[in-house]
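Notes follow once the structure below has been shown.
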């Protein structure tokens, strides 16, 4: 459906799939302009908060995450027809961005040229075979 059935290796959709397949190795590919990457020092300066947390603060975050996960599981159990929709599917978007759109276009043009050359070669080979059969 997207890109004529081809998967551009430099696109956001493939990067998104790779993130879901290997979340530790592949970062989530945010849509350009939706995040503001910062170093810890910049974040601390902007918010006036520390990037360090006490053990109690960490435990509070863990408990909050457990509560959210339990609530999401209960909601999914209450609506079994939507059981395939979970936390992961909520992050999945079909919005594509090509990291290098020019390379994708060149690849498409190169593929078209290669297909055209292959067709020409096959036609020439078929004509040669027909000529050989007629001559015999």
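With labels modelled as points extended 7 Å from the Cα through the Cβ direction, what inter-label distance (nm, one decimal) is found for residue 57 paired with residue 35?
For residue 57 paired with residue 35, the spin-label model returns 2.1 nm.
Would you order 30, 19 from fewest to most other beta-carbon atoms within 10 Å of each residue's own beta-carbon?
Lowest count first: 30, 19.
Which order results if 57, 44 are arranged by neighbouring Cβ count within 10 Å, fewest first?
Going from least to most buried by this count: 57, 44.
Taking 37 °C and 0.692 mPa s as the conditions, I'd like the Stokes-Einstein D for the range 4-68 in µm²/s, using the Kirkwood hydrodynamic radius from alpha carbon pairs.
Answer from the Stokes-Einstein relation: 215 µm²/s.
Taking R0 as 25 Å, what's the FRET efficiency between residue 66 and residue 92 from their Cβ-Cβ distance, rounded to 0.05?
Calculated transfer efficiency: 0.60.
We did not get these values from a lab; they are worked out from the coordinates using the rules stated. Everything quoted here is computed from the prediction, not taken from an experiment. Every residue, glycine among them, receives a Cβ derived from its backbone with ideal geometry; neighbour counts consider all protein chains shown.
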